[in-house]
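Worksheet: the structure to be examined is printed underneath.
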Ligand code: TRP
């Protein structure tokens, strides 16, 4: 049976953290064997929030090399940078003619971003059309996203159906895959781990910074001889790295008087360094040898472009571009 094509995009934004890893990236790595995975760095989408050349360049390089260092494999999957495949932006123009303004005006993400101070320009307004183009250009079967992206995916389906109804079945209508049972990963302050709350533990951060973030994980004031609460950020974070048996051992230690949060924090630090040790070495290799990354970007671009240009030429034929 033909493998399903799964597509995912991520904006290049700062240092990846363990919340990203246990949320989305680990799923992607697993998908590589069971599906035809397409994964890209959405640097054109980042243009809606970053207007500093160096920052965008650096973030794009980092995001791409992070994915490879963490285990995305260009031999199994297609991994590229969005702006390297211009067919997608050409398709965006065509799709915008199948996108009603009312649909865009109902975008909760647009409204939130403007409320949070982003400039309400046309790039931000038509962000969902570019996203639809990302998905439809590659004839994706399934798009796994977080809950915050659900509306964008519904818009994509809406646009694709409208096009197909007008010009015939050119696009695959993608399925939305929301991981409902994904657990919330808490940051060091107990809120959801997120770059925008500055409460993350970065995977590729320098050791001292990772350590200081771990030391800053909030704990309660339970005394040394009291049992400790496991419904807390430190326990939650450590558990991510433990199998069931080890997790139960940790539970027992929490229930037994005498546990020091400091020792758990030191263990967690060792555990994180150990868990990501190969990945951190590989990331360092890419930082020392950036040309390796540029070569891999080129391999990805070629593979992605074959599919996108095929879709684009079908689309152009079907709408009457001579
Ligand atoms: N908007 C997505 C986000 O911010 C990133 C993205 C761009 C994307 N294009 C996509 C995700 C296509 C999935 C499919 O997370």
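A search for C-beta distances below 7 Å between a residue of the stretch 1-21 that is under 9 Å from residue 202 (Cα atoms) and any residue that is in a strand (DSSP E or B) and more than 11 Å from the ligand (Cβ to nearest atom), counting only pairs 6+ apart in sequence or on different chains, returns 15/202; 16/202; 17/202. When 281, 232, 219 are screened for being surrounded by 13 or more Cβ atoms within 10 Å (Cβ to Cβ), farther than 30 Å from residue 162 by Cβ and out of contact with any helix residue (DSSP H, G or I) (no Cβ under 8 Å at 6 or more places or on another chain), only 232 passes. Can you find a residue in the stretch 35-42 that is within 30 Å of residue 115 (Cα to Cα) and touching a residue at least 60 places away in the same chain (Cβ under 8 Å)? Yes, the conditions are met somewhere in the stretch 35-42. Run down 16, 68 and say which single residue is modelled with pLDDT of 95 or more, within 15 Å of the chain's Cα centre (by Cα) and crowded, with 16+ Cβ neighbours inside 10 Å. Of the residues listed, the single one that is modelled with pLDDT of 95 or more, within 15 Å of the chain's Cα centre (by Cα) and crowded, with 16+ Cβ neighbours inside 10 Å is 68.
Residues in the stretch 72-92 that are crowded, with 17+ Cβ neighbours inside 10 Å and closer than 25 Å to residue 148 by Cβ: 72, 77, 78, 79, 80, 81, 82, 83, 85, 88, 91, 92.
Take residue 148 and tell me if it is away from the ligand (no atom under 12 Å from the Cβ) and at pLDDT below 95. For residue 148, the condition - away from the ligand (no atom under 12 Å from the Cβ) and at pLDDT below 95 - is not met. For the stretch 135-145, taking the residues that are more than 7 Å from the ligand (Cβ to nearest atom) and within 11 Å of residue 174 (Cβ to Cβ), the one that is surrounded by the most Cβ atoms within 10 Å (Cβ to Cβ) is identified as 136. Against the list (1) closer than 23 Å to residue 321 by Cβ; (2) within 23 Å of the chain's Cα centre (by Cα); (3) away from the ligand (no atom under 15 Å from the Cβ), the condition residue 114 fails is (1).
Considering the conditions (1) in contact (Cβ under 8 Å) with a residue 40 or more places away in the chain; (2) under 23 Å from residue 215 (Cβ atoms); (3) exposed (fewer than 13 other Cβ atoms within 10 Å of the Cβ), residue 260 is excluded by exactly one of them, (1).
State yes or no: is residue 155 away from the ligand (no atom under 13 Å from the Cβ), touching a residue at least 12 places away in the same chain (Cβ under 8 Å) and on the phi < 0 side of the Ramachandran plot? Taking the combined requirement at face value, the residue does not satisfy it. Checking every residue in the stretch 197-204 against the condition of being more than 30 Å from residue 88 (Cβ to Cβ), buried (at least 21 other Cβ atoms within 10 Å of the Cβ) and in contact with a helix residue (DSSP H, G or I) (Cβ under 6 Å, 6 or more places away or on another chain) gives at least one match. Selection of the stretch 111-148 for residues being more than 21 Å from residue 94 (Cβ to Cβ), out of contact with any helix residue (DSSP H, G or I) (no Cβ under 8 Å at 6 or more places or on another chain) and in a helix (DSSP H, G or I) yields 111, 112, 115, 147. Tallying residues that are part of a strand (DSSP E or B) and under 30 Å from residue 97 (Cα atoms) within the stretch 157-211 yields 4. Checking each residue in the stretch 174-191 for being more than 14 Å from the ligand (Cβ to nearest atom) and buried (at least 17 other Cβ atoms within 10 Å of the Cβ) picks out 185, 186, 187, 188.
Among the residues of the stretch 93-109, those that are surrounded by 11 or more Cβ atoms within 10 Å (Cβ to Cβ) and either more than 25 Å from the chain's Cα centre (by Cα) or closer than 25 Å to residue 316 by Cα (or both) comprise 93, 94, 95, 96, 97, 98, 99, 100, 103, 104. Scanning the stretch 158-173 for residues that are more than 15 Å from the ligand (Cβ to nearest atom), buried (at least 16 other Cβ atoms within 10 Å of the Cβ) and farther than 18 Å from residue 105 by Cα yields 163, 164, 167, 170.
For (1) within 27 Å of residue 26 (Cβ to Cβ); (2) in contact with a strand residue (DSSP E or B) (Cβ under 6 Å, 6 or more places away or on another chain), each residue gets a yes or a no:
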residue	(1), (2)
225	no, no
231	yes, no
236	yes, yes
241	yes, no
250	yes, no
253	yes, no
259	no, no
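The values are calculated or read from the model by the stated rules, or taken from the named source; none is laboratory data. Given the structure is predicted, the values throughout are model-derived calculations rather than measurements. Cβ sites come from the backbone with ideal geometry, for glycine too, and all protein chains shown count toward neighbours.
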